[in-house]
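Asks: Take a look at this one; I'll ask things after.
No lab work stands behind these numbers, since they all come straight from the coordinates. Since the structure is predicted, the reported quantities are computational estimates derived from the model, not experimental observations. All Cβ positions, glycine included, derive from the backbone under ideal geometry; neighbour counts span all protein chains shown.
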Amino acid sequence: MDLFEVMRTRRSIRKYKSQMVDDELIKKIFQMVRHAPSAHNAQPWKFVVVRDEEKKRKIAQYCNNQKFIHEAPVVVVACGLPDESQANIGNWISAFVVDVSIATTYLMLAAWSFGLGTCWIGNFNEDKIKEVLGLGDDVRIVAITPLGYPDESPEPTGRKNLSEIMAFEGFD
Ligand SMILES: Cc1cc2nc3c(=O)[nH]c(=O)nc-3n(C[C@H](O)[C@H](O)[C@H](O)COP(=O)(O)O)c2cc1C
């Protein structure tokens, strides 16, 4: 798949095959994540790859009981490292949140290009999941995603028209 095809066809996957994802494939995906841009090239991120059943079960529970997360063979917890990050972008945006979000998007697109599904999870209890993984105060969880071979082919989700999302020179 070329890049446009990957971007056009990616879907949030909420049903996964039980087939494990090979470690080498996981590493290949993260080789792509390494190329994500970040403010001052700080790369203030670390991704925790979870395959342990009990940890996955607890993570799904602390994601408002979204059970499909646990059903995926792998769950990735995308963490930000504020101390390694430039403080702010445009005076008000936490740089590490933006940086980790970009890197997670790279992960999702790289995964899709290898035939693997993901689903950005924003509904989680950070403190509880940090407890499950033994993460310290210097770590912030920005996103979570299951990772695995899709066991569904969701219809395309709706998108705004081009005229609604962009305008030349200023808002219409
Ligand atoms: C910041 C963010 C938070 C999200 N949180 C959840 C979530 O907690 N659970 C879920 O099933 N999907 C979640 N999604 C996935 C969106 O529902 C999905 O991306 C959107 O409906 C578009 O569908 P698509 O990804 O298939 O194109 C989240 C997406 C983003 C970007």
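Asks: Taking θ = phi - 60°, what integer Hz values does the Karplus form 6.51 cos²θ - 1.76 cosθ + 1.60 yield along the stretch 144-150, in sequence order, with x for Gly and Pro?
Replies: The phi angles translate into 9, 9, x, 9, x, 6, x Hz.
Asks: Right, something else. Arranged from highest to lowest average of other beta-carbon atoms within 10 Å per residue, in what order do the peptides 22-32, 141-151 appear?
Replies: Numbers: 22-32: 13.8, 141-151: 22.1.
Output ranking for 22-32, 141-151: 141-151, 22-32.
Asks: What FRET efficiency comes out for the pair residue 133/residue 23, r = Cβ-Cβ distance, R0 = 22 Å, nearest 0.05? Working shown, then result.
Replies: Numbers: r = 19 Å, r/R0 = 0.85.
Calculated transfer efficiency: 0.75.
Asks: For a test of the definition: using alpha carbon positions, the gyration tensor, and the 1.5 limit on a/c, classify the stretch 88-172 as rounded, prolate or oblate. Mind dumping the intermediate values first?
Replies: Details: a/c = 2.41, a/b = 1.18, b/c = 2.04.
The shape class here is oblate.
Asks: While we're on this one: Under 18 Å from a label point 7 Å along Cα→Cβ of residue 157: give me every residue in the stretch 96-118 with its amide N that close.
Replies: 101-113, 116-118
Asks: Also, quick follow-up: As a test of the formula, what do you get for the chain when each DSSP H run with n ≥ 4 contributes -39,500 (n - 2.57) and the sum is divided by the residue count, at 222 nm and rounded to the nearest 500 deg cm²/dmol?
Replies: On the way: 7 runs with 63 residues, N = 172.
Using -39500 (n - 2.57) per qualifying helix, the result is -10500 deg cm²/dmol.
Asks: Okay, moving on. What length, rounded to one decimal in nm, is gained on full extension from residue 34 through to residue 11, with 0.36 nm per residue of separation minus their alpha-carbon distance? Let's see the in-between values first.
Replies: Working: separation 23, 0.36 × 23 = 8.28 nm, distance 2.24 nm.
Stretched out fully, the residue 34 to residue 11 stretch lengthens by 6.0 nm.
Asks: What does the extension gain come out to for residue 52 and residue 123, with contour length at 0.36 nm per residue minus their alpha carbon separation? Show your work: numbers first, answer last.
Replies: Details: separation 71, 0.36 × 71 = 25.56 nm, distance 2.08 nm.
Result for the pair: 23.5 nm of gain on full extension.
Asks: Sticking with this one: Along the stretch 36-47, what does the Karplus equation 6.51 cos²θ - 1.76 cosθ + 1.60 (θ = phi - 60°) give for ³J(HN,Hα), rounded to whole Hz, x for Gly and Pro?
Replies: Result, rounded to whole Hz: 5, x, 8, 4, 6, 6, 6, 6, x, 9, 8, 10.
Asks: Continuing with this model, one more query. When ranked by the protection proxy of mean other Cβ atoms within 10 Å per residue, highest first, what sequence do the peptides 130-136, 152-158, 41-47 form?
Replies: Working: 130-136: 14.0, 152-158: 8.7, 41-47: 17.3.
For the peptides 130-136, 152-158, 41-47, the packing ranking is 41-47, 130-136, 152-158.
Asks: Treat every Asp and Glu Cβ in the stretch 13-172 as -1 and every Lys and Arg Cβ as +1, leave all other atoms uncharged, and give the resulting dipole magnitude about the Cα centre to the nearest 20 debye.
Replies: Values: 18 positive and 21 negative charges, 81 e Å.
Approximately 400 debye in magnitude.
Asks: Can you pick out the pairs among 28/160; 15/130; 67/160; 17/160; 15/55; 28/128 whose Cα atoms lie more than 27 Å from each other? Don't jump to the answer; show the numbers that get you there.
Replies: Details: 28/160 33 Å; 15/130 25 Å; 67/160 29 Å; 17/160 31 Å; 15/55 19 Å; 28/128 29 Å.
Listed pairs above 27 Å: 28/160; 67/160; 17/160; 28/128.
Asks: Now for a separate question. How much length is gained if the chain between residue 1 and residue 164 is pulled fully straight, taking 0.36 nm per residue apart and subtracting their Cα-Cα distance, in nm to one decimal?
Replies: Working: separation 163, 0.36 × 163 = 58.68 nm, distance 2.82 nm.
Going from the current span to full extension adds 55.9 nm.
Asks: Can I ask one more? Can you give the Rg and Dmax of the chain based on its C-alpha atoms, in angstrom?
Replies: 16.8, 52
Asks: Can you classify the stretch 132-172 as rounded, prolate or oblate using the Cα gyration tensor, where a ≥ b ≥ c are the square roots of its eigenvalues, rounded means a/c under 1.5, and otherwise it's prolate if a/b beats b/c and oblate if not? Let's see the in-between values first.
Replies: Values: a/c = 6.20, a/b = 1.51, b/c = 4.10.
Oblate, since a/c reaches 1.5 and b/c is not below a/b.
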